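Enquirer: Quick one: structure below, then a few questions.
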Amino acid sequence: MRVSVVQMSPGHVKAENIAQARALVEGAAADRPGILSLPEIWTCLGGDRAAKFEQAEELPPPGSNEPGGPAYEFLRGLAREKRIYVHGGSIGERAGERLFNTTLAFDPQGRELARYRKIHLFDIVTPDGQGYRESATYGGGGDVVTYQAGDVKVGCAICYDVRFPELFLALRRAGAELIFLPAAFTLQTGKDHWEALIRARAIETQCWLAAPATWGRHLDGARQEPRFTYGHSLICDPWGHVVAKVSDGTGWATARIDQELTSRVRRDMPVLEHRRLA
């Protein structure tokens, strides 16, 4: 299966972000991927809390044919139109008075396969002194989520999750061969940790890692402070090699998931069988 990761530079206006996603997906579709992913929170990056609530969507019940919001229907329609699996990065999910940072996945018929709420929330201060408190806006999920895309078992993670290897071990134990990590990684942390963490998770789990990311400047919070995300979307094989990558700017990268390589790596170094702790 061929996998494409799309790198965007979104803001806090959903309609503009959907238009940007549509244009980039048209380019990526020329690579004939079997599955394609967008970045984290690509529908509304930045803005204040009110804007995030306004742009978030209430999701239809899982497994239903009920219509969803504009982003939900864009993702579902994209899967149907291109006849591919779509891993929808993540969008803002509105559930009553709460928001969640939620991944949606669709099959080529536009049927929802999975939804995953980001477990680990980004409450930190970066090296340049900027503070982030994701938990002030979003609730955290609690479920480990996988789904089947053709003959590939796919695991779900989002951005800050990458710093918690126990989640990735749980995905491997659940049968994952490919793990998506849509992200809006900060420039300050990304330049030092982004690729190193992804390669580590790939090596530890012996899974393919596909990480579509946001890039560039956006304005965040009530004071509209400028924030920068790192980009450098990439695809990494189970041996830890980066096999496809986007640099600065918007764009996409595509690589073929080689299941024979996955099997060989796991056979020759059976780390899951050798584990003595956890």
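Read-outs throughout are calculated quantities, based only on the coordinates presented, and are distinct from any laboratory measurement. These numbers were taken from a predicted model, which means no experiment stands behind them. Here the Cβ is made from the backbone with ideal geometry for all residues, glycine too, and neighbour counts use every protein chain on show.
Enquirer: If the elastic network links every pair of Cα atoms under 10 Å, which of Phe100, Phe168, Phe122 fluctuates the most in the Gaussian network model of the chain?
Expert: Phe122
Enquirer: Considering only C-alpha atoms, what is the centroid distance from the range 42-108 to the range 259-274, in Å?
Expert: 35 Å
Enquirer: Among Leu167, Leu75, Leu234, which one shows the biggest mean-square fluctuation in a GNM of the chain, springs joining Cα atoms closer than 10 Å?
Expert: Leu167
Enquirer: Expressed as a rounded percentage, what relative contact order does the chain have, with Cα pairs under 8 Å and six or more residues apart?
Expert: Value for the chain: 20 percent.
Enquirer: If you don't mind, there's one more thing I want to ask. With θ set to phi - 60° and the Karplus curve 6.51 cos²θ - 1.76 cosθ + 1.60, what are the ³J(HN,Hα) couplings of the range 63-75 in order, to the nearest whole Hz, using x for Gly and Pro?
Expert: x, 8, 9, 5, x, x, x, x, 5, 4, 5, 4, 5
Enquirer: With runs of 4+ DSSP H residues as the only contributors, calculate the mean residue ellipticity of the chain at 222 nm using -39,500 (n - 2.57) per run, divided by the residue total and rounded to the nearest 500.
Expert: -8500 deg cm²/dmol
Enquirer: Something else: Over 26 Å between C-alpha atoms is what I'm after, so list which of Lys82/Lys153; Lys153/Lys191; Lys82/Lys191; Lys14/Lys118 land there.
Expert: Among Lys82/Lys153; Lys153/Lys191; Lys82/Lys191; Lys14/Lys118, the Cα-Cα distance tops 26 Å for Lys153/Lys191; Lys82/Lys191.
Enquirer: Sort 259-265, 219-225, 187-193, 175-181 for me by packing, meaning the mean count of neighbouring Cβ atoms within 10 Å per residue, highest on top.
Expert: 175-181, 187-193, 259-265, 219-225
Enquirer: Per residue of the range 81-91, what does 6.51 cos²θ - 1.76 cosθ + 1.60 with θ = phi - 60° give for ³J(HN,Hα)? Whole Hz please, x for Gly and Pro, Karplus curve as stated.
Expert: Values, residue by residue: 5, 8, 6, 9, 6, 10, 9, x, x, 8, 10 Hz.
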